[in-house]
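Worksheet: the structure to be examined is printed underneath.
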Amino acid sequence: MQDPRIEQLLRRGDEIWREYCDAQERFHRVIPADHALAVEALTEHRARKHSFLELGAATGVITILADLLGYDAWGIEIEPDLVQTAEGLAREVDSGANFVEGSFVPMPYRDEVELLDAEILTPTEGDDAYAEMGRTLADFDLVYAYPWPGEEDWQIEMVRRFGGPQTELLMYTLRDGFEIV
């Protein structure tokens, strides 16, 4: 039987998303993944993965899902208001998920990302979230990302370079859904 907090989280996540969209007067950098499919994907990997990091946690739904499914779950988000939203949502559903404000791009990789020819929508500046957590990308065995179209390759390379030997990247795209890349 599924934890009732998961249903509450999915419902509140949808409500928060609608409220967030209604309040925006300009382009925003938040597009949610399919949260119901996220439950399936995270459950599938839970038997062999224990620590979870979301790159760009937004309202926190997927990081909180990971926590409710038993992961040591962390989310990095650069927008302070979204970090507050995620922390509030975690309290609301009695989750121990952790959120840190800052950039998920490791400091040694930022210059390379900024020099890419493609137009990058992901902010690379900002506080060093890893220093704030006291952890590195290599400390996580499941890293989740939902990149903007065209940003998949540099995020895959980032996790390859800075993740540990056990680190796997779970990526979501509209075309392919959730998959380990």
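The values are calculated or read from the model by the stated rules, or taken from the named source; none is laboratory data. Note that the structure is predicted; figures quoted are calculated from it, not measured. For neighbour counting, all protein chains shown are included, and Cβ atoms are generated from backbone atoms with ideal geometry for every residue, glycine included. Side chains included, ligands, DNA and RNA excluded: accessible areas come from the protein's heavy atoms. Shrake-Rupley method; radii C 1.70, N 1.55, O 1.52, S 1.80 Å.
Tabulated values for the structure
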{"quantity": "Arg46-Tyr109 pseudo-label distance in nm [points 7 Å out on the Cα-to-Cβ vector]", "calculated": "2.7 nm"}
{"quantity": "Amide H within-cut-off set for Trp74, under 5 Å, with H built and near neighbours excluded", "calculated": "Phe52, Leu53, Glu54, Asn98"}
{"quantity": "³J(HN,Hα), Karplus 6.51/-1.76/1.60, whole Hz, each residue of the range 130-147, x for Gly, Pro", "calculated": "5, 5, 4, 6, x, 9, 10, 4, 5, 7, 10, 9, 9, 10, 10, 9, 10, x"}
{"quantity": "Residue-wise HN-Hα coupling along the range 62-69, computed from phi with Karplus coefficients 6.51, -1.76, 1.60 (Hz; x: Gly, Pro)", "calculated": "6, 4, 5, 4, 4, 4, 5, 8"}
{"quantity": "Residue-wise HN-Hα coupling along the range 167-181, computed from phi with Karplus coefficients 6.51, -1.76, 1.60 (Hz; x: Gly, Pro)", "calculated": "6, 10, 9, 9, 10, 10, 9, 4, 6, 10, x, 9, 7, 7, 10"}
{"quantity": "Rounded accessible area per residue of the chain, 1.4 Å, Å²", "calculated": "51 Å²"}
{"quantity": "Of all accessible heavy-atom area on the chain, the percent that carbon and sulfur account for (1.4 Å)", "calculated": "48 percent"}
